[in-house]
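Notes follow once the structure below has been shown.
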Amino acid sequence: MSSDAELIGRSLRGDTDAFVELIGRHESALGSYLARRVGRQAAEDVLGDVWVAAYESRANYDLSYPEARPWLYGVALNRLRRHWRSAPAEEPAPDLTGVASDWDPWPAVDVRVDTQALLSRALARLKPEEREVLGLVAWEDLTVAEAGRVLDIPAGTARRLLHQARKALREAPEVVALLQVPTT
């Protein structure tokens, strides 16, 4: 089986099937990464842009790296940033004055803790670069060095950012509350 670098090299020499094979290897992981950031529908469009950008910039790929996944995540991150810059401002909340007055939008008060909302709040307070390194390592299963390559920062800086992110999450009031065991 050819390495990603070999496939990119072959595609540079005119073998279009080699780049198609590279896409097949990484399409699912990159699609999931994008869907987590912009939703499934927008992710499909952004993913198409990622492949076009990767194909057009493949001559800049450092063939000494056999695994192209970090490079592809970097291309995807750049396309995400472009997507976010071009996205229109969010629509305001819909007018609910016409809804029946006896309609209750909150069916039952759930006594369970909304873990996802609490974690989202804690993650939102991280610095963007800390959040990116954490996401690349925790969700995309990249090494810290690979996350550094994606973000174009030294591995030591990525390691420091990951440490800071983990520490901030451990100390976040939402996470502390989730981890506390109630005493009876």
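We did not get these values from a lab; they are worked out from the coordinates using the rules stated. A quick note: this is a predicted structure, and the numbers were derived from the prediction, not measured. For neighbour counting, all protein chains shown are included, and Cβ atoms are generated from backbone atoms with ideal geometry for every residue, glycine included.
So the values come out like this:
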read-out: Stretch gain in nm, segment Ala87-Arg121, where the contour uses 0.36 nm per residue and the Cα spacing is subtracted; value: 10.0 nm
read-out: Charged-residue dipole, Cβ positions (Lys, Arg, Asp, Glu), region 4-86 about Cα centre, Debye nearest 20; value: 480 debye
read-out: Stokes-Einstein translational diffusion, region 4-86 - Kirkwood Rh over all Cα pairs, 1.002 mPa s, 20 °C, in µm²/s; value: 167 µm²/s
read-out: Cα-centre dipole for region 115-179 with unit charges at Cβ (Lys and Arg positive, Asp and Glu negative), debye to 20; value: 280 debye
read-out: Label-to-label distance, nm, for residues given as Asn60 and Arg37 (7 Å Cα→Cβ offset); value: 1.6 nm
read-out: Per-pair calculated FRET efficiency, R0 = 35 Å: Glu171 and Ser2 via Cβ, rounded to 0.05; value: 0.15
read-out: Förster radius 25 Å - calculated FRET efficiency between Asp45 and Ile153 (Cβ-Cβ, nearest 0.05); value: 0.35
